Amino acid sequence: MSFNKLKSTIEEGDTVILYLNPSSLHAITVNPLTKNKKDAVVENILQTTQGGLKIKSLIGKEYGSRIQLTRGFGYALHPTPELWTITLPHRTQIIYTPDISMIVFQLELRPGSVVIESGTGSGSLSHALIRAIKPNGHLYTFDFHEQRADVARNEFESHGIGDFVTVAHQDVCQNGFGSDVAGKADAVFLDLPHPWEAVPHAVIAMKDAGGRLCSFSPCVEQVQKTCEQLRILGFIEITTMEVLIKEYQITSRPVSVIDLENIKPEDSGPNTKWKDPVKIVSCQAPPTLAGHTGYLTVATLPPKGARVPHSVNRSDQQD
């Protein structure tokens with residue numbers, strides 16, 4: 001229940017992120033007992049590279065405290081959407097924090113915003129959207145896969161954020177977002193194989209005052225069709241971007257220094273006097289960039305009375 005608000009003490013039923021090192025983190029639900037493969041109730045013990053951890057030992061500990069394991073130690077961290085993205089169980093491919101941060105920024109989300117998301121997937125983005133819009137906003141999230149929708153709904157409830165989200169099993173490309181959300185949304189996010197088919201339904205779901213739309217697509221052909229549909233329906237400020245991370249390496253390297261204190265006019269070229277090399281801290285760009293994740297296409301839907309739909313013809317496409 002610890003996703004809803006910050007807590008100081010771990011309680012039964014909480015989600016805890018066990019940090020061992022930057023590449024080894026575990027999301028733990030604090031349940032003292034669990035069922036084994038034979039369906040028998042046994043003590044819940046997590047096995048890690050640093051040894052075993054009895055889950056019941058976390059109850060009553062403070063978040064951020066050092067946790068002793070049988071062959072080492074870790075730290076019990078308070079869950080955040082960023083940590084959850086790293087540790088969540090993958091039911092689908094997920095969107096990661098660099099793209100998530102740009103999506104939240106481009107959708108102009110704030111407490112009280114009403115957001116539509118399709119599809120729900122593993123809920124990586126959903127947790128970040130809920131944090132941005134609570135306590136007065138609401139997320140309507142849709143997935144065409146019924147089991148994934150059910151799992152996500154239960155997950156949101158167990159994390160204590162079920163009141164801020166409505167999960168629906170629905171094919172939004174064929175059936176839209178439903179009459180319950182028509183005219184309510186400030187923003188719409190699409191992560192679909194054919195997002196251009198959902199754009200007309202997004203227009204119906206958005207408020208008369210307009211709003212923002214963002215679509216995530218891995219292929220540029222999807223982007224082209226989506227941008228074409230957005231323009232036809234009167235969207236403006238259509239922009240496509242790609243978020244790439246460039247991680248610089250911090251290194252210490254020796255640098256030769258001229259002995260300026262004892263230099264003479266004849267001391268030049270091969271006669272130049274040098275001091276002993278000194279070490280300086282420098283940055284080195286990576287030789288290659290991280291791989292492509294997807295393209296983010298964002299657009300603005302103007303207020304209802306100011307929308308001017310466009311027909312796409314050959315001359316438009318050449319502009």
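Points worth noting:
- FRET efficiency, Arg307 to Ser256 (Cβ-Cβ, R0 51 Å, nearest 0.05): 0.20
- Segment 151-186 versus segment 61-108: alpha-carbon centroid distance in Å: 23
- Accessible area in the full protein assembly, largest first, 1.4 Å probe, for Cys219, Cys214, Cys173: Cys219, Cys173, Cys214
- A simple charge model with +1 on the Cβ of Lys and Arg, -1 on the Cβ of Asp and Glu and nothing else charged puts the dipole of segment 192-234 at about 120 debye relative to its Cα centre.
- Cα-based shape type of segment 79-233, given that a ≥ b ≥ c are square roots of the gyration tensor eigenvalues and the cut on a/c is 1.5: rounded
- Here the chain is assigned +1 on the Cβ of each Lys and Arg and -1 on the Cβ of each Asp and Glu. Its dipole about the Cα centre then comes out at about 740 debye.
- Förster radius 51 Å - calculated FRET efficiency between Lys38 and Lys7 (Cβ-Cβ, nearest 0.05): 0.90
- In the context of the full protein assembly, Lys61 retains an accessible surface of approximately 80 Å², using a probe radius of 1.4 Å and ignoring ligands and nucleic acids.
- Gyration tensor verdict on the chain (Cα atoms; rounded if a/c is under 1.5, prolate if a/b is larger than b/c, oblate otherwise): oblate
- Computed over protein heavy atoms with a 1.4 Å probe, the carbon and sulfur contribution to the accessible area of the chain reaches 53%.
- When the pairs Lys225/Lys304; Lys5/Lys225; Lys184/Lys225; Lys61/Lys246; Lys37/Lys134 are compared against a 29 Å limit on Cα-Cα distance, Lys5/Lys225; Lys61/Lys246; Lys37/Lys134 fall above it.
- Measuring only protein heavy atoms, the 1.4 Å probe finds Asp143 accessible over about 10 Å².
The values are calculated or read from the model by the stated rules, or taken from the named source; none is laboratory data. Here the structure is a predicted model, which is why all the values come from computation and not from measurement. Positions of Cβ are backbone-derived with ideal geometry, glycine not excepted, and every protein chain shown enters the neighbour counts. Note: accessible area is taken over every heavy atom of the protein model, side chains too, but ligands, DNA and RNA are not part of it. Shrake-Rupley method; radii C 1.70, N 1.55, O 1.52, S 1.80 Å.
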